[in-house]
1. Could you check C:Thr328 against (1) assigned to a helix (DSSP H, G or I); (2) over 20 Å from the mean Cα position of the chain (by Cα) and say which number it fails?
2. Within the stretch C:165-209, how many residues are part of a helix (DSSP H, G or I) and away from chain B (no Cβ under 14 Å)?
3. Filter the stretch A:157-174 down to the residues that are away from ligand 2 (no atom under 16 Å from the Cβ) and more than 12 Å from the chain's Cα centre (by Cα), then identify the one that is least open to solvent (accessible area, probe 1.4 Å).
4. In the stretch A:14-34, which residue that is over 14 Å from A:Asp204 (Cβ atoms) and within 13 Å of ligand 2 (Cβ to nearest atom) is surrounded by the fewest Cβ atoms within 10 Å (Cβ to Cβ)?
5. C:Phe162 versus (1) touching a strand residue (DSSP E or B) at 6+ places or on another chain (Cβ under 6 Å); (2) within 12 Å of another protein chain (Cβ to nearest Cβ): which is the lone unmet condition?
6. Grab the helices (runs of 4 or more DSSP H) fully contained in the stretch B:138-237, keeping just those with 3 or more residues being more than 8 Å from every other protein chain (Cβ to nearest Cβ).
7. For the subset of the stretch A:104-117 comprising residues that are more than 13 Å from chain B (Cβ to nearest Cβ) and over 18 Å from A:Pro155 (Cβ atoms), which member is farthest from the chain's Cα centre (by Cα)?
Amino acid sequence: MTLLRIDGLSAAYGPVPALRNVGLSLGEGETLGVVGANGAGKSTLTLAIAGIVRPSSGDIFFDGMSLAGLLPETIARLGVALVPEGRHIFEGLTVEENLLIGLNGAVGRQARRDALERIYDAFPILRQRRTGFGTRLSGGEQQQLAIARALLMNPRLLILDEPSLGLAPIMVDKVYKILRDLRQQGVALLLVEQNPARIAEVADRTVVLANGAVRLSGASADVLSSDLLSRAYLGAEEHEVCA
Amino acid sequence: MTFAIQTLIDAISVGALYAISALGIGLLFGIMRLVNFAQSEFVTVGVYTLMMLANAWFPLAALAAVVVVVLLALTVERLAFRPVRNADPATLLIASFAVSYFLQNGLVLLFGARPIGFDVLPGLGQAIQVETVRIPLLNIVTIAATSTLLLGVGLFLRLTRTGIEMRAAAVDFRMARLMGVKADRVIAVGFGLAGIMSAVVSILYAAQTGTASPAMGLQLALVGFVATVIGGMGNLPGAVLGGLAVGAISVLLQAVLPPDLRVFREAFVYAAVIAVLLLRPQGLFRSAAERERV
Amino acid sequence: MKILMLTALAAVAVSVLPASAQDDAVTVGFPLALSGFVAPYDDGPLKAALLAIDDINSRGGLLGEKIISVESDTKSDPAQGATAATDVLGKAAKMIMVTCDFDFGAPAALVAESQNVIAFSSCAADPKFGVQGIGKNAYTMSTASISQGATLAEWAHNEKGFKTVYILKDTMVEYTKSVCDSFEARWTELSSAESIVGRDTFHGVNDTSIASQISRIKANSPQPDFVMFCGAVNGGSAVRQIRAAGIDLPLLSSESMDGAYWLAAIPNLSDFYVAVYGSAFGNDPDPKVNDFVKSFSAKYGVAPVTGHALTGYSVVEAWAKAVERAGTFDTDAVRAELDKFTAEPLMVGKTTFTPELHINVDRPMLIMKIVNGKHEPIERFITTKLPKVSF
Ligand SMILES: Nc1ncnc2c1ncn2[C@@H]1O[C@H](COP(=O)(O)OP(=O)(O)OP(=O)(O)O)[C@@H](O)[C@H]1O
Ligand SMILES: [Mg+2]
């Protein structure tokens, strides 16, 4: 069952094209890796799905429903959670308040408390720091907070834009462990990384973006071992499919 | 000594009024990068409402002022700001000037430009004598009302879900929306709150001045804006402190400057603001700790 | 349908006829603030001027011609003043009356000057409004601000016997600054610099509160005999704050505080003195002024808000007298007659012009006292030592 389908998606910032005719799909519970060089259009793709960037053409379907023209908050409430590049922890809000923002669905005090407790069990550091400001956490802890509050939205699709950016290797390990667990739990993931090194650990399939277009796609292992990968990073022109 | 204590009380009560103005401006600026100069007319319309109901039972008149101003704020949001919500801050600023101009001229058309005197809450003209210091009831009520309002708004922003969403939206509107916070709702609540605060300001201001005139709210909005700059744009506690600071500084300067220099008091206040902008563009009251790692 | 057409045609015919083409009629132009923020200050003088035109027309007109009026709105915008003046001058106005303020009235007066037409400001109180600041055809019917301040000083000192004063000056407009400064100069001559026990300033619009000014008055020891209060716009707010703070000292002020519109802010205000052109309340010692208020009320349904209306009446009155004496509408001849006015008894008071001075400095003002919220006339008074006029 296809959860996310993107058809012929193009987007631009003013005259600068950022996405050209991008097509991809993602099944329920599946994990898709998206890699590409700086400026390839990866973040733009995530923002287009989330309803922040308005596409100039093409369509995005979530669970069979077109997202065209929907507000970001509506898309979020449909079950699409984006952990954007740079984490965007709310300044001046405590860790717990940051988490509470994600709690849209849970109705009733008890349901909220339970959901929070489950998250605290999964992210013990957040429980420990819950009354402190979110922005005072370390980079890795902030990334955990960003993922945790997205999870509180109960998403059917979780989009992560460069979750390992700027983290020490040990923190990256930790984040990837969380992602593997999520995958285990059947949450569909769209994982964007600039550095493709670890994407195969979680992604079933991977697409490579270059200059806003899909250059390479297929099973992660094949794509990432392909010698076409480096060509795609350098800006190859043809879309290749790894068998 | 008496003069010093009296001046301190003046400083707090003037600062308190500015603090609420600043909070209203700061809230909307945080949420939608809008410097809402139309807030001056929110206050002015409140004062005119009280003027028209000067002979009515006061609680009723006060309630009417709150209702009228909140409705005005919500209407202005709906009709004027919603269509340009995603425009750049400069466009928003121009829109707010346009709304302000429109409302002010509407008041001139309806009531004329001549100030209209009226008497509201005459009881507040009384004073309490403590030793040699005479504290007008109006000052006490102003300080009490503003503290209550600030406390109320503070608790609302801290304890309620909507309040927390507003604070999140004030610092990072896009991220808040990505997490399902409804833009329309947060902005409407923001305007509603700005309306309530303006109405309270209008009641206190009416009791103080007993005068309704079409441009009377302008200075309050201006000071509110200056205060949010001092406090750090988008930082609500900072805006409140900024308002208190501007009020206190103006009163203190008026009290200590020699007569020839008092005329330039405003200039000193604005020079201080420019110094703040140059030395601490993030605002005086934004702690470095809060900002790091953002 | 035919009737409609005819009426429409007739309307067009009337409107395209220049006013001057109307036989036996002379036009007076009013490029004034009919709307906007300055409108309240032009409203009374304009209505009074139209009343003066009625009075003259009912006596058979001027040099046998009926006076008609044309108005044009400056929208309270100085830049629009010139346009409005051009508009009424284009309709052949032989004299124009402009806004009661130098900054707002001067642009229109300059246009009249360039076309050699007499321009009267109703009540701009700045001596610049005249030969020196605009040109030989510019006059103002006001009593100069410098005379007002000196008059209040002398009256307080000689008539009230006050010994010490505290000066509170609104710095927003030139007018109030000038009143307070001339007050201070004259007071110092009559008494001494030491008898000014304190002074402070405020800004009528920018100061949302005058709390610290009030605390300073209260902290002043000894307390002054009275406060010279040079306030204007929002003066009522300042007076309310002063009285609410328990300061019951006598307050003296000039014509900018005329009128009862602000009094509701301070119910039962007492011990407040104001020097005005004449009483707008029907109790002027001069019955002529009371008759004016009566016919004003009869024509417009309400009494004039302030005594400034008298200046508007006298603009038309003065010009008509000069025209009659000159026997012609010719500007140069009329100006020559105006410049001969010496203590000319006009509605607004005795009025003097010279070829150099087109503003009054020695016309008595009516001092009124507010008692329990009611204006009571005291006397007409003028300083004995005329201030040095500088432009
Ligand atoms: N707000 C914006 N305004 C204008 N151009 C933009 C904006 N955001 C991105 N771009 C441009 O769009 C293109 C795609 O940017 P995008 O951020 O999607 O790339 P990315 O693949 O996420 O890169 P990175 O790996 O550096 O994060 C780039 O050329 C970028 O300069
Ligand atoms: Mg990116």
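The values are calculated or read from the model by the stated rules, or taken from the named source; none is laboratory data. In this text the structure is predicted, and so the values were computed from the model without any measurement. Backbone-built Cβ (ideal geometry, glycine too); neighbour counts: all protein chains shown. Areas reflect the complete protein model, heavy atoms only, side chains present, ligands, DNA and RNA absent. Shrake-Rupley method; radii C 1.70, N 1.55, O 1.52, S 1.80 Å.
1. (1)
2. Adding up the residues that qualify gives 13.
3. Result: A:Val172.
4. A:Ala18
5. Single failed check for C:Phe162: (2).
6. In the stretch B:138-237, B:161-171, B:183-209, B:218-231 are the helices (runs of 4 or more DSSP H) which contain 3 or more residues that are more than 8 Å from every other protein chain (Cβ to nearest Cβ).
7. Filtering first and then ranking leaves A:Gln110.
Yes/no per residue for (1) open to solvent by less than 40 Å² (accessible area, probe 1.4 Å); (2) within 13 Å of chain B (Cβ to nearest Cβ); (3) in contact with a Pro (Cβ under 7 Å, 6 or more places away or on another chain):
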{"site": "A:Ser66", "(1), (2), (3)": "no, no, no"}
{"site": "A:Ala76", "(1), (2), (3)": "yes, yes, no"}
{"site": "A:Ile89", "(1), (2), (3)": "yes, yes, no"}
{"site": "A:Gly102", "(1), (2), (3)": "yes, yes, no"}
{"site": "A:Ile119", "(1), (2), (3)": "yes, no, no"}
{"site": "A:Leu126", "(1), (2), (3)": "yes, no, no"}
{"site": "A:Thr131", "(1), (2), (3)": "no, yes, no"}
